[in-house]
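Each remark here refers to the structure printed beneath this line.
The values are calculated or read from the model by the stated rules, or taken from the named source; none is laboratory data. Because the structure is a prediction, the values reported are computed rather than measured. Positions of Cβ are generated from backbone atoms using ideal geometry, with glycine treated the same way; all protein chains shown enter the neighbour counts.
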There are 2 protein chains.
Amino acid sequence: MTALSPTLSSTGRTRLGRRSDRARRDRSDLYDVLDAGLVCHLGVIVDGSPRVLPTGYGRLGDTLYVHGSSGARSLREGPAQDVCVTVTHLDGIVIARSLYHHSLNYRSAVIYGRPRLVTDPDEKLAGLRAITEHLAPGQWDVARKPTRKELASSSVLAIPLEEASVKIRQGPPGDDEEDYALDVWAGVVPVHQVFGAPCPDPALRPGIPVPPHIARLAAS
Amino acid sequence: MTALSPTLSSTGRTRLGRRSDRARRDRSDLYDVLDAGLVCHLGVIVDGSPRVLPTGYGRLGDTLYVHGSSGARSLREGPAQDVCVTVTHLDGIVIARSLYHHSLNYRSAVIYGRPRLVTDPDEKLAGLRAITEHLAPGQWDVARKPTRKELASSSVLAIPLEEASVKIRQGPPGDDEEDYALDVWAGVVPVHQVFGAPCPDPALRPGIPVPPHIARLAAS
């Protein structure tokens, strides 16, 4: 495997025409945004029109994994065309003195690439593990492993993290000079994604406590 | 304006091949998902490949509005092709006894349509107002209104809410019958999006308190 550059290279698709001041070019920024997310939005073209679907994902090094039913059209079409995967964190609503400068604080990563249908059984299992562990670290070792039939009914796509752009906006509004004198409140209303207390399955057998890795997740 | 059906009609694009048991067909479900969201993911085709970008939005009746710089490629290409707009709420991580049945609780809306570039000045202002008020209700009447030049530098797209699908998954995992006997914890870790306390702009003039509509937003 060739090592990818620590800097995200600029292509026609990833060069930011708008607000390029918000661009980050470090590969580590890309991984930070991906690792902090829970779901991505996968964009594919189906019958000539774009389709955007939310789905879980996982990352192993320079590869992003998504999965779905072997019958899902969006995954079946995947390997035949480039896809776009976007991960967005909304961090705040930016309240400005002028309506024009209202904005959002966010971190987002947009990845373009030709997905590869994972056929190697070991990589498929590793990809599924990455997807599960991304949502609930520690869960792979605890739950019942997939059967051969379950594995066959899942498709896993590997998307190279070669072509990507990262955009980050943080901080207060940027109003026009003359507007700072206005008698209008300005600032940021922060937005956070938080976990609640684990809610046991009503059908849970009595006497099974919340395991430490789930308690840790809920407290994070 | 013709009234749209209270039931979402099924088209080739919105018919759910997978997990159709999660589909909702009431128009009111669509509006509930849209009205509860903050950002959408807009999918367009640029140079033959899909592009998925996060952006704010607003809804007025049966029309969804998005905006951006007049120069933004994703908006410029919009009116020439169908777009896809997806709004997703992640509500929980579903921890099952088997890895295969791990899932997410979510509400999502996927809208397909040919956007219309809004040229009527009144509708443009109404669309921008809907987008602002969606993020911060009450803010439109407080902040400085857009100038003619600012209006000219913004494009507003109107997307009809005619062709859409809504999918909702809630509740505990659905494990295989024989797995309920396993000694494995199962349940849901809820996920919520919450607002934090308003953070004033460091450049805010002294003596301007947080206005009630912003305090209400933060407390919601």
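Observations, loosely collected:
- Boolean, residue A:191 is surrounded by 16 or more Cβ atoms within 10 Å (Cβ to Cβ), of a type in the set (A, V, I, L, M, F, W, C) and closer than 30 Å to residue A:13 by Cβ: yes
- Residue within region A:119-135 that is surrounded by fewer than 21 Cβ atoms within 10 Å (Cβ to Cβ), without any contact (Cβ under 8 Å) to a residue 24 or more places away in the chain and in a loop (DSSP other than H, G, I, E, B) present: yes
- Complete set of residues in region B:182-203 that are free of Cβ contacts under 8 Å to residues at least 24 places away in the same chain and closer than 16 Å to residue B:136 by Cβ: B:194, B:196, B:197, B:198, B:199, B:200, B:201
- Criterion: under 30 Å from residue B:96 (Cα atoms), more than 9 Å from every other protein chain (Cβ to nearest Cβ) and crowded, with 19+ Cβ neighbours inside 10 Å - qualifying residue of B:156, B:166: B:166
- Condition check for residue A:51: in a strand (DSSP E or B), charged (D, E, K, R), within 10 Å of another protein chain (Cβ to nearest Cβ) and in contact with a strand residue (DSSP E or B) (Cβ under 8 Å, 6 or more places away or on another chain): yes
- Condition check for residue B:177: closer than 30 Å to residue B:11 by Cβ and of a type in the set (D, E, K, R): no
- Meets criteria (assigned to a strand (DSSP E or B) and modelled with pLDDT under 95) for residue A:41: no
- Those residues of region B:6-54 which are free of Cβ contacts under 8 Å to residues at least 12 places away in the same chain and in contact with an Asp or Glu (Cβ under 6 Å, 6 or more places away or on another chain), in sequence order: B:49
- Some residue of region B:106-127 being facing another protein chain (nearest Cβ under 9 Å), over 16 Å from the mean Cα position of the chain (by Cα) and aromatic (Phe, Trp, Tyr): no
- You will find that of B:189, B:166, B:194, the residue that is touching a helix residue (DSSP H, G or I) at 6+ places or on another chain (Cβ under 6 Å) and closer than 30 Å to residue B:65 by Cα is B:166 and no other.
- Members of region A:175-220 found to be more than 7 Å from chain B (Cβ to nearest Cβ), assigned to a helix (DSSP H, G or I) and in contact with a Pro (Cβ under 9 Å, 6 or more places away or on another chain), listed by number: A:213, A:215, A:216
- Hits in region B:136-164 (condition: under 23 Å from residue B:44 (Cα atoms) and either within 19 Å of the chain's Cα centre (by Cα) or of a type in the set (Phe, Trp, Tyr) (or both)): B:155, B:156, B:157, B:158, B:159, B:160, B:161, B:162, B:163, B:164
- Given (1) without any contact (Cβ under 8 Å) to a residue 60 or more places away in the chain; (2) closer than 30 Å to residue A:213 by Cα, index of the condition residue B:169 fails: (1)
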